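J.: Please find one structure pasted underneath; my questions will follow.
The values are calculated or read from the model by the stated rules, or taken from the named source; none is laboratory data. Just so you know, these numbers come straight off a predicted model, no measurement behind them. Virtual Cβ from ideal backbone geometry, glycine too; neighbours counted across all protein chains shown. Accessible surface areas use protein heavy atoms only, side chains included; no ligands, DNA or RNA. Shrake-Rupley method; radii C 1.70, N 1.55, O 1.52, S 1.80 Å.
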Amino acid sequence: MNILRKVMISALALIAMILAVAPKVAFAQTDEIQVYDAEIEDHGKFNVMVHSNYTPMGRKTPDFPGGIIPNQSVNGAVEWAYGVADWFEQGLYLPVYTAYSQNQGGEINGFKIRELFVRPHAHDHTFFYGVNFEFSVNSLHWESKRISSEVRPIVGLHLHPVDIIFNPILDTNYTGGFGNLEFVPATRVAYNLNDKWALAAEEYADLGPLRHFYTAHDQFHEVWAVMDRSSKVLSVETGVGIGVTSGADKLTLKLMLSRDLN
């Protein structure tokens with residue numbers, strides 16, 4: 001635990017130094033729609049997860065010049081994960097992709113490196129926590145800047161059978177300053193029917209830069225109904241999201257398939 005605390009403090013300090021010379025983020029497409037729960041792969045285990053998101057009723061204009069039109073687009077990523085220690089998981093999103101969009105067709109959108117630090121064996125604790133760092137290299141139709149990053153703190157409670165999880169995420173593309181960090185929180189409340197099945201309500205938002213949040217009308221807010229099925233052969237998470245503000249897509253579907261490779 002002392003090692004974990006030192007690593008997390010050092011990582012947060014490094015991110016703070018980097019962000020001090022930067023940040024601002026424009027809206028971007030989403031390759032993963034997921035609330036992190038501090039669960040990681042066991043030490044020495046490899047896992048692969050395929051994220052796929054379809055927006056049948058979305059925004060009809062790109063979020064920045066040359067960007068992908070969200071309406072009717074299919075986006076996702078292949079996520080590779082390795083359990084380095086009981087408190088650290090190394091991840092790689094390769095590729096991040098658009099299978100289809102109205103203005104771009106099919107595209108490869110870049111890749112992301114992920115570093116996830118958590119309280120060991122989070123599922124055994126009532127209170128759990130962690131922090132995830134992502135470093136992205138983007139195609140310019142995917143995000144308005146070539147390089148962007150995410151800091152995702154994780155806090156939650158296992159109340160058996162209910163889980164409550166909050167990810168107060170901050171995004172940056174390294175232009176601007178601390179005030180232009182984008183606040184994009186995600187929340188999940190799940191009811192575990194048993195050790196294999198769970199039903200959940202999730203909410204994803206983009207409130208805008210810290211120095212000046214968008215008006216409620218322009219913020220991105222989506223609420224989701226989600227179902228999880230855990231299995232040693234293939235784990236599934238699927239859901240339906242409905243936009244509740246004009247800045248959000250009206251309807252989005254997600255499917256996540258994952259399995260251990262060893």
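J.: Name every residue in the stretch 89-141 that is aromatic (Phe, Trp, Tyr) and either surrounded by fewer than 20 Cβ atoms within 10 Å (Cβ to Cβ) or not in a strand (DSSP E or B) (or both), in order of residue number.
T.: Tyr100, Phe111, Phe127, Tyr129, Phe133, Phe135
J.: What about Leu159, is it more than 19 Å from Glu41 (Cβ to Cβ), over 19 Å from the mean Cα position of the chain (by Cα) and of a type in the set (A, V, I, L, M, F, W, C)?
T.: yes
J.: Scan the stretch 23-64 for residues that are at pLDDT 95 or above, farther than 20 Å from Val240 by Cα, touching an Asp or Glu at 6+ places or on another chain (Cβ under 9 Å) and of a type outside the set (D, E, K, R) and report the count.
T.: Of the residues in that region, 5 qualify.
J.: Can you tell me how many residues within the stretch 250-262 are within 12 Å of Thr55 (Cβ to Cβ) and in a strand (DSSP E or B)?
T.: 4
J.: Something else now. From (1) in contact with a strand residue (DSSP E or B) (Cβ under 9 Å, 6 or more places away or on another chain); (2) surrounded by fewer than 16 Cβ atoms within 10 Å (Cβ to Cβ); (3) modelled with pLDDT of 95 or more, pick out the condition that doesn't hold for Thr252.
T.: Among (1) in contact with a strand residue (DSSP E or B) (Cβ under 9 Å, 6 or more places away or on another chain); (2) surrounded by fewer than 16 Cβ atoms within 10 Å (Cβ to Cβ); (3) modelled with pLDDT of 95 or more, Thr252 violates only (2).
J.: Considering only the stretch 142-169, state which residues are touching a helix residue (DSSP H, G or I) at 6+ places or on another chain (Cβ under 9 Å) and surrounded by 21 or more Cβ atoms within 10 Å (Cβ to Cβ).
T.: Ser149, Ile154, Gly156
J.: Please specify each residue of the stretch 188-207 satisfying the condition of being of a type outside the set (Phe, Trp, Tyr) and within 19 Å of Lys250 (Cα to Cα).
T.: Ala201, Glu202, Glu203, Ala205, Asp206, Leu207, listed by residue number.
J.: Quick check on Ala216: is it in contact with a strand residue (DSSP E or B) (Cβ under 7 Å, 6 or more places away or on another chain) and of a type in the set (Gly, Ala, Ser)?
T.: No; evaluated as a whole, the condition is false for this residue.
J.: If you go through the stretch 62-80, how many residues are surrounded by 22 or more Cβ atoms within 10 Å (Cβ to Cβ) and assigned to a strand (DSSP E or B)?
T.: Residues flagged as surrounded by 22 or more Cβ atoms within 10 Å (Cβ to Cβ) and assigned to a strand (DSSP E or B) within the stretch 62-80 amount to 4.
J.: Name the pairs: first residue in the stretch 233-262 and among the polar types (S, T, N, Q), second residue not in a strand (DSSP E or B), Cβ to Cβ under 6 Å, at least 6 apart or on different chains?
T.: Listed pairs, sorted by first residue: Thr245/Gln219; Ser246/His217.
J.: Sticking with this structure for a sec: Among the residues of the stretch 221-249, write down those that are open to solvent by less than 50 Å² (accessible area, probe 1.4 Å), assigned to a strand (DSSP E or B) and touching a Phe, Trp or Tyr at 6+ places or on another chain (Cβ under 9 Å).
T.: Selection gives His221, Glu222, Trp224, Asp228, Gly239, Gly241, Gly243.
J.: Out of the stretch 170-186, which residues are surrounded by fewer than 20 Cβ atoms within 10 Å (Cβ to Cβ) and of a type in the set (Ser, Thr, Tyr)?
T.: Answer for the stretch 170-186, where residues must be surrounded by fewer than 20 Cβ atoms within 10 Å (Cβ to Cβ) and of a type in the set (Ser, Thr, Tyr): Tyr174, Thr175.
J.: Scanning the stretch 187-220 for residues that are basic (Lys, Arg) and assigned to a loop (DSSP other than H, G, I, E, B), which turns out least open to solvent (accessible area, probe 1.4 Å)?
T.: Lys196
J.: Tell me whether the stretch 114-133 contains one or more residues that are farther than 18 Å from Val189 by Cβ, out of contact with any Pro (no Cβ under 6 Å at 6 or more places or on another chain) and of a type in the set (Phe, Trp, Tyr).
T.: Yes, the conditions are met somewhere in the stretch 114-133.
J.: Looking at the stretch 205-224, is at least one residue at positive phi and free of Cβ contacts under 8 Å to residues at least 60 places away in the same chain?
T.: yes
J.: Would you check if there is a residue in the stretch 159-170 being modelled with pLDDT of 95 or more, over 29 Å from Thr98 (Cβ atoms) and among the acidic types (Asp, Glu)?
T.: Yes - at least one qualifying residue is present in the stretch 159-170.
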